[in-house]
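Right, one structure below, let's go through it.
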Amino acid sequence: MNSKGLIETFSEFKEIKNIDRPTLAAILEEVFRAVLVKNYGQDDNYDVIINIDKGDFEIWRSREVVPDGAVVDPNRQVSLSDAQRVDEDFEVGEEMTDEVRFEDFARRNILSIRQNLSSRIAELERSQLYESYQDRVGELISAEIYQVRKREVILTHGDGHELILPKQEQIPSDFYRKGETIRAVIVRVEMEGSGPKIFVSRASPLFLERLLEQEVPEIADGLITVKKVVRIPGERAKVAVESYDDRIDPVGACVGARGSRISGIVRELHNENIDVINYSPNIGLMIARALSPARITQLRIDEERKQVEAFLEQGEVSLAIGKGGFNIRLASQLTGYKIDVYRDSDNSEDDLNLEEFLDEIEPWVVEALKRIGCDTARSVLELDPEDIMRQADLEEETVQHVLSVLRNELE
């Protein structure tokens, strides 16, 4: 293959791979110089000139003219008589430049050049793809479902690249069908031997944040800031928002009239319960809002240990804990404080502390119940037995025994 044919081959390849001409020229020069070093030991006395637009290139070698019989390095020196055959005016000590013909390379060099070019261009394409998507981490995208696997779903983006939605990044109630379009957020890009792998998520708090930005113009315009998002995908989420304009209610703006703005997001997340909270730098107020819809009567805050004891009226404890313990868990994540909830003793004249049952209930069981905010008999009886088993990690037989002891005593 001649030089023009080689250039044209890779010009066509460049169009398919979306590699610009200056970059292709730089790769060509680097590959040719590698062959020169291999053949002659060095390339510093060679000039490689590549013109992608014209589809050709030239390689020129510079050598010093030396007296006849004084040539030590034929690659850097040329005898006076050989130089004068090119131009009779050459003298000893001058520099002679001659063109290296492409056809002078051995066939194995031409094959090596083709292989190296293919390898370098493929490497460049992988690098460009990695950098392109690395810059897009955190971006909300729409993609088509290409293949549904046991541990992941493969998506295809508009540019034809594959995206990976792992099982742990899916909403548990999601159901995927090939050909459908879904939304997700790009969370990370990993470079592997075969190329970059692009991972997306629907379970990340960032996904909910990007959906809010899309649905709420005030967030997109910077008038409202999303301070923090915490989620239990498909179950519950809490979002702290703040307004920089006193005239704008950040919670109302996010929810919309009659829930018009938040309802679309809830549907996207398969009825995930979203609590939008007005952010406050006052940690006591923030904790009280985070435990919504429960109403707090008293807080004891240990800022050094990042712990809070929240006291509530009788019917509020179960609301503070929430189904499956989701509400109190998310409130702790949102505020950064470990929250323990207790029933307010001022309203518990007909109630009994769990410590009074230590003769019938094992101490470790009482401690397990207190860790989930149940420090009195009625606070335990207010909860569903299955919730107690799940939150306190107790056997069904143990829970039934506790409930029986407490009911008998109160009755």
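The values are calculated or read from the model by the stated rules, or taken from the named source; none is laboratory data. Quick caveat, the model's predicted, so the values are computed rather than measured. Cβ placement follows ideal geometry from the backbone for every residue including glycine, while neighbour counts extend to all protein chains displayed. To get the accessible areas, we keep the full protein, side chains included, count just its heavy atoms, and leave off ligands, DNA and RNA. Shrake-Rupley method; radii C 1.70, N 1.55, O 1.52, S 1.80 Å.
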Subject >> Size of electric dipole in the chain: Cβ of Lys, Arg +1 and of Asp, Glu -1, about Cα centre, debye, nearest 20 >> reply: 1160
**OP:** With θ set to phi - 60°, apply the Karplus curve 6.51 cos²θ - 1.76 cosθ + 1.60 along segment 237-253 and write out the HN-Hα couplings as whole Hz, x wherever there is a Gly or Pro.
**Re:** 8, 10, 10, 9, 10, 9, 9, 8, 10, 4, 7, 10, 7, x, 5, x, 5
Subject >> Fully extended contour minus Cα-Cα distance, from SER194 to LYS38, at 0.36 nm per residue >> reply: 53.4 nm
Subject >> Residues with amide H under 5 Å from that of LYS338, placed H, sequence gap 5 or more >> reply: GLN307, VAL308
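Determine the per residue accessible area of the chain with all protein chains present and a 1.4 angstrom probe, expressed in square angstrom.
Accessible surface, normalised per residue, equals 54 Å².
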Subject >> Percent accessible area from carbon and sulfur atoms, the chain, protein chains only, probe 1.4 Å >> reply: 43
**OP:** Would you calculate a helix-derived [θ] at 222 nm for the chain, using -39,500 (n - 2.57) for each DSSP H run of n ≥ 4 and dividing by the full residue count, to the nearest 500?
**Re:** -11500 deg cm²/dmol
**OP:** Work out from phi, with θ = phi - 60° and the Karplus expression 6.51 cos²θ - 1.76 cosθ + 1.60, the ³J(HN,Hα) of each residue of segment 254-261, listed in order in whole Hz, and give x for Gly and Pro.
**Re:** 6, 6, x, 4, 6, x, 5, 7
Original post:
Relative to the Cα centre, what is the charge dipole magnitude of segment 206-343, using +1 at the beta carbon of each Lys and Arg, -1 at the beta carbon of each Asp and Glu, and rounding to the nearest 20 debye?
Top reply: 420
**OP:** Starting from the Cα-Cα distance between MET389 and GLU91, subtract it from 0.36 nm times their residue separation and give me the gain in nm to one decimal.
**Re:** 97.3 nm
Original post:
Which whole-Hz couplings ³J(HN,Hα) result when phi for each residue of segment 173-182 is put into the Karplus expression 6.51 cos²θ - 1.76 cosθ + 1.60, θ = phi - 60°, listed in order with x for Gly and Pro?
Top reply: 8, 5, 10, 10, 10, 4, x, 6, 9, 10
Original post:
With +1 on each Lys and Arg Cβ and -1 on each Asp and Glu Cβ, how big is the dipole of segment 136-203 about its Cα centre, in debye rounded to the nearest 20?
Top reply: 260
Subject >> For HIS270, distant residues with modelled amide H under 5 Å away >> reply: none
Original post:
Cα centroids of segment 120-155 and segment 309-371: how far apart, whole angstrom?
Top reply: 46
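How many times 2.2 N^0.38 Å is the alpha carbon radius of gyration of the chain?
Numbers: Rg = 36.2 Å, N = 411, 2.2 N^0.38 = 21.7 Å.
For the chain, the normalised Cα radius of gyration is 1.67.
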Original post:
Rounded to a whole number, what is D in µm²/s for segment 206-343 from Stokes-Einstein with the Kirkwood radius over alpha-carbon pairs (25 °C, 0.890 mPa s)?
Top reply: 160
Original post:
Near LYS38, which aspartates and glutamates are there with a Cα under 20 Å away, not counting those fewer than 8 places off in the same chain?
Top reply: GLU29, GLU30, ASP47, GLU58, ASP73, ASP98, GLU99, GLU103, ASP104
**OP:** Take peptides 173-184, 268-279, 321-332 and line them up by average Cβ neighbours within 10 Å, highest first, as a rough protection proxy.
**Re:** 321-332, 268-279, 173-184
Subject >> Relative contact order (%) - criterion: Cα under 8 Å, at least six apart; region: the chain >> reply: 7
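Multiply the residue separation of ARG371 and ALA70 by 0.36 nm, subtract the distance between their alpha-carbon atoms, and state the gained length in nm to one decimal.
Computed gain between ARG371 and ALA70 is 99.0 nm.
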**OP:** Could you give me the percent of Cα pairs per 5 Å distance bin for segment 136-203, shortest bin first, beginning at zero and ending with the bin that holds the maximum distance?
**Re:** 4, 18, 32, 28, 14, 4, 0
**OP:** Scan around VAL276 for amide H atoms under 5 Å from its own, H built in the peptide plane at 1.01 Å from N, and keep only partners 5 or more places away or cross-chain.
**Re:** VAL239
**OP:** Would you work out which of LEU223, CYS374, VAL153 lies farthest towards the positive end of the dipole of the chain, given +1 charges on the beta-carbon of Lys and Arg and -1 on that of Asp and Glu, about the Cα centre?
**Re:** VAL153
Original post:
Any idea of THR335's accessible area? Nearest 10 Å², probe 1.4 Å.
Top reply: 20
